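Shown next, in structure tokens, is the structure this report addresses.
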Amino acid sequence: MRVVTALLVSVALSGLSTAASAAPTPDQTVGKIISSPAFKTAVQTLADQHDQTVADIITLTEIPAPPFKEAARGKALLARWKAAGLTDVEMDAEGNVTGVRPGTRTKGKGPYVVLAAHQDTVFPEGTDVKVRREGTKLMAPGIGDDTRSLAVLLAYMRALDAAKIRTKADVLLVANVGEEGPGDLRGVRYLFNKSAYKGRISAFFSMDSYDPAGITDQGVGSKRYHVIFRGPGGHSYGSFGIVNPMAAMAKSVVDLYAVDTPKSPKTTYSASVTGGGTSVNSIPNEVYMDFDMRSESAAELAKLDAKLTAILDGAVAGENAARSTRFGKVSYEAKLIGERPAGRTDPQTDIVRLTHASVAALGFTPDHGASSTDSNVPMSLGIPAVTIGSGGTGGRAHALDEWIDVEKSASVKGMQVGLAALLAVAGVD
């Protein structure tokens, strides 16, 4: 009986081993894709149409897209999505522009592999966004973060059509709004929670910035508060000795900066913007401070959030105990002005392993890291997501002298990474 059992187990394990060995590794999957004649045709198309991609970058950059005012750029992208031959092209209620490249298996009905880039920039309305060119260097606010990526998405669609490559899964192209600061990921939140694609997305690529080696598979969560401290106010000389909301605010900053946070998972805080008061010879009746807290861990972020509340409570109580409240007490109001969920995509998921393999196969050293991007939202929902670069080099993001280099060979080499990763995850017949 033992011999028979052992034999059956041996046969079963042998079968499992054979099945496991038959499944291609990520390296094999990516290697097959990039060595195929069709992929080579797609890459040649990227090279042949590089000037068109650069022209798209310039045109889109010069359409202002300040926070909450991306509509003009969205309309331009809507026309381009349609011209690229995508189906179901629309601008949704939040301002995201979406379009579908149907797969051979799912035929436009989902589930979808998303390739997204954000329309908005950090720069306020009225910023000069005219592109300056010096050789292969292009300079303008927002050109690298994230306008280049929008142009690369279009270049991918042209390249896939030219090479007659069809993916198995549907590809949903998204030009989303609201990624930067005050936007608080509103475009992608809408995509996953309210749009027609809710519950129908299986994998998510965000293309943000340019580094082709970068793989963001950890989402840094954040909470941001605008805290208003109020008090009775009065003359700086005549009412000297009464409570001062400025003192409570100062105490809260000092106490926050005494908090020791873990280095891993990295958890940070900042007192960043302040103002208020009436005049130099007045005890203010109202002052404010903005606080930013971030962590790679949702649990650590929650701990820090509770600590800040305790600090604010203590600072106000301490000021009311330290000075006269005969005209009234000091109080505070904390308004939540931003909240991004923390998240992480498991390193063993297909999207991480296949993206890693794509980076390595195309001659770069994969660099996994954490950041706050549109991928935070799907990560927090348990949907596999990574943020990747559009290729090439650049610098000075969020500065008026932001720049990218569009030298052809380096740009095309970098662009291949995202294309290979997309095809590996979506599958190719």
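The values are calculated or read from the model by the stated rules, or taken from the named source; none is laboratory data. A quick note: this is a predicted structure, and the numbers were derived from the prediction, not measured. Cβ: placed from backbone, ideal geometry, glycine included. Neighbour counts: every protein chain shown. Calculation scope for accessible area: heavy atoms of the full protein, side chains included, ligands and nucleic acids excluded. Shrake-Rupley method; radii C 1.70, N 1.55, O 1.52, S 1.80 Å.
Pairs exceeding 24 Å between alpha-carbon atoms, taken from LYS137/LYS164; LYS107/LYS164; LYS198/LYS266: LYS137/LYS164; LYS198/LYS266. Size of the chain from its Cα atoms: along the principal axes, largest to smallest, the extents are 87, 73, 37 Å. For the chain, the relative contact order works out to 22 percent when only alpha carbon pairs closer than 8 Å and six or more residues apart are counted. Reported value for region 263-397: 161 Å³ per residue, from the convex hull of its C-alpha atoms. Compared with the alpha-carbon gap, the fully stretched path from GLU62 to GLU333 is longer by 93.6 nm at 0.36 nm per residue. In this simple spin-label approximation, LYS194 and LEU400 carry label points 7 Å from Cα along the Cα→Cβ vector, and these lie 3.5 nm apart. Working note: Karplus 6.51/-1.76/1.60 with θ = phi - 60° gives region 352-369 the couplings 6, 5, 6, 5, 4, 5, 5, 4, 5, 5, 9, x, 10, 9, x, 10, 7, x Hz, where Gly and Pro are set to x. In the chain, the longest principal axis of the Cα atoms and the axis of helix 71-83 are about 10 degrees apart. Rank ASP260, ASP367, ASP211 by mean-square fluctuation in a GNM of the chain with C-alpha springs under 10 angstrom and give only the top-ranked residue. Of ASP260, ASP367, ASP211, the Gaussian network model singles out ASP260 as fluctuating most. Okay, which of region 370-387 sit inside 18 Å, backbone N to the point 7 Å along the Cα-Cβ direction of LYS263? Only 370 pass the distance filter. Among the trypsin sites (Lys or Arg not before Pro) found in region 173-239, those both in a DSSP coil and sparsely packed, with 12 or fewer other Cβ atoms within 10 Å of their Cβ, are LYS194, LYS198.
To the nearest ten degrees, helix 2-22 and the longest principal axis of the Cα atoms of the chain are 80 degrees apart. Model label sites at ASP346 and SER279, defined 7 Å from Cα along the beta-carbon direction, differ in position by 6.6 nm. The length gained on full extension between LYS69 and LYS109, counted as 0.36 nm times the residue separation minus their Cα-Cα distance, comes to 11.3 nm. The simple Förster model, with R0 at 41 Å and r as the Cβ-Cβ distance, assigns HIS368 and LYS130 a FRET efficiency of 0.65. If only the Cβ of Lys and Arg carry +1 and only the Cβ of Asp and Glu carry -1, the dipole of the chain around its Cα centre is close to 900 debye. Among the protein heavy atoms of region 300-408, carbon and sulfur supply 51% of the accessible surface, probe 1.4 Å, non-protein parts ignored.
Its Kirkwood hydrodynamic radius, worked out from the mean inverse distance over all distinct Cα pairs, puts region 198-274 at 17.6 Å.
Taking amide H as placed 1.01 Å from N in the peptide plane, the amide H of ILE337 sits under 5 Å from that of ARG224, TYR225, HIS226, each at least 5 places away or on another chain. The trypsin sites (Lys or Arg not before Pro) of region 322-429 that DSSP puts in a loop, and whose beta carbon has at most 11 other beta carbons within 10 Å, are ARG326.
Using r as the Cβ-Cβ distance of THR87 and LYS168, and R0 as 22 Å, what FRET efficiency do you calculate, to the nearest 0.05?
Values: r = 17 Å, r/R0 = 0.75.
Step by step, r from the Cβ atoms, then E = 0.85.
Scaled against 2.2 N^0.38 Å for its residue count N, the alpha carbon radius of gyration of region 159-199 is 1.57. Using only Cα atoms and rounding to the nearest 10 degrees, what angle (0 to 90) does helix 408-426 make with the longest principal axis of the chain? With rounding to tens, the tilt is 80 degrees. Across SER272, SER358, SER202, mean-square fluctuation computed from a Gaussian network of the chain (C-alpha pairs under 10 Å connected) peaks at SER272.
What stretch of the chain, leaving out the sites themselves, is the longest with no chymotrypsin sites (Phe, Trp or Tyr not before Pro) in a DSSP loop having at most 11 other Cβ atoms within 10 Å? Don't skip to the end; give the middle numbers.
Values: sites that count: TYR237, TYR257.
The segment 1-236 is the longest one with no such site.
What the phi angles of region 279-294 give under the Karplus curve with 6.51, -1.76 and 1.60, with θ = phi - 60°, is a coupling list of 7, 5, 10, 10, 6, x, 9, 7, 9, 9, 8, 9, 10, 10, 10, 9 Hz, glycine and proline written as x.
Farthest towards the positive end of the charge dipole of the chain, among the residues TYR237, GLY418, LEU191, is the Cα of LEU191, using unit charges on the Cβ of Lys, Arg, Asp and Glu. Evaluating 6.51 cos²θ - 1.76 cosθ + 1.60 at θ = phi - 60° for every residue in region 209-214, the Karplus couplings come out as 6, 10, 4, x, 8, x Hz, glycine and proline recorded as x.
Heavy-atom accessible area per residue, the chain, 1.4 Å probe: how many Å²? Walk me through the intermediate numbers first.
Working: 18980 Å² over 429 residues.
Dividing the accessible area of the chain by its residue count gives 44 Å².
Answer with one residue from VAL352, GLY392, TYR332: the one whose Cα lies farthest towards the positive end of the charge dipole of region 299-406, charges on Cβ with Lys, Arg +1 and Asp, Glu -1. Going by the Cα projections, it comes out as TYR332.
The simple spin-label model puts a point 7 Å past each Cα toward its Cβ; for ALA317 and HIS235 those points are separated by 3.5 nm.
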